[in-house]
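For reference, the structure discussed in these notes is given below.
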Amino acid sequence: MTEKDRHSSGIYIIAITAFFLGCFLLLVVFGTGIYRSIASRQNANNQDRAVLAYLLTVTKMNENDIYINEDPDFGNVLIVEDAGTGYGNRIYINEGYLVEDYGRAEGALMPDYATRIGESSFLEAEMMDDDLYKLTTDHGSVFVHVREHAE
């Protein structure tokens, strides 16, 4: 093997190594972008499911005494009253968040003491039938079938 042949095979080996290294780096860059996209969609889906599951859990907790009030400052207020106590969970929108507080069912809302459930710009609560409610937020809709509704 001549000096020229050794020099060309060295350049060839370096070129092949650089090519594979470049392909590997491109694969890593594209792979991280795809992973970020998948992870952000999964996080958004988990947030949606968590908010809707929370609404469903709270309403099914005391499903005999669920009703909807309209508040001039906060819009729709979903009230899940503790059976016969006059107190209950009140779910409404405050400052871009779906919040929940506990107090007199017909009393003034207490947004300063409310717990944030998740980000949301609206809460719609609609009675579909005598015993079926549709609760809708930015995260989607959930249907709640109750045994009885408050009169």
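The values are calculated or read from the model by the stated rules, or taken from the named source; none is laboratory data. Source: prediction; values computed, not measured. Glycine gets a Cβ as well: all are built from the backbone with ideal geometry, and neighbour counts include every protein chain shown. For the accessible areas, the whole protein counts, side chains as well, though only heavy atoms, and no ligand, DNA or RNA atoms are used. Shrake-Rupley method; radii C 1.70, N 1.55, O 1.52, S 1.80 Å.
Look through segment 130-151, keep the residues that are crowded, with 17+ Cβ neighbours inside 10 Å and not in a strand (DSSP E or B), and return whichever of them is modelled with the highest pLDDT. Can you show your working first?
From segment 130-151, those crowded, with 17+ Cβ neighbours inside 10 Å are 133, 135-137, 139, 142, 144, 146; that's our starting set.
If we keep only those that are not in a strand (DSSP E or B) as well, we get 139, 146.
Working: His139: 89, Val146: 77.
Per the criteria, the residue is His139.
Is at least one residue of segment 49-63 part of a loop (DSSP other than H, G, I, E, B) and closer than 30 Å to Glu106 by Cβ? Explain how you work it out, then say what you get.
Filtering segment 49-63 for residues part of a loop (DSSP other than H, G, I, E, B) gives 62-63.
Then drop every residue that is not closer than 30 Å to Glu106 by Cβ, which leaves 62-63.
Yes, segment 49-63 contains a residue that is part of a loop (DSSP other than H, G, I, E, B) and closer than 30 Å to Glu106 by Cβ.
So that you can scan it fast, the table gives a plain yes or no per residue for (1) over 18 Å from Glu106 (Cα atoms); (2) in contact with a strand residue (DSSP E or B) (Cβ under 8 Å, 6 or more places away or on another chain); (3) charged (D, E, K, R); (4) open to solvent by less than 90 Å² (accessible area, probe 1.4 Å):
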site	(1), (2), (3), (4)
Tyr12	yes, no, no, no
Cys23	yes, no, no, yes
Ser40	yes, no, no, yes
Asn45	yes, no, no, yes
Asp65	no, yes, yes, yes
Tyr92	no, yes, no, yes
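The set of residues in segment 64-82 being over 22 Å from the mean Cα position of the chain (by Cα) and either over 22 Å from Ala53 (Cα atoms) or part of a strand (DSSP E or B) (or both) consists of Ile66, Tyr67, Ile68, Asn69, Glu70, Asp71, Pro72, Asp73, Glu81. For first residues located in segment 109-121 and within 18 Å of His139 (Cα to Cα), partners that are hydrophobic (A, V, I, L, M, F, W, C) and open to solvent by 40 Å² or more (accessible area, probe 1.4 Å) and lie 6+ apart or on another chain with Cβ distances below 9 Å form the pairs Ile117/Ala50; Gly118/Ala50.
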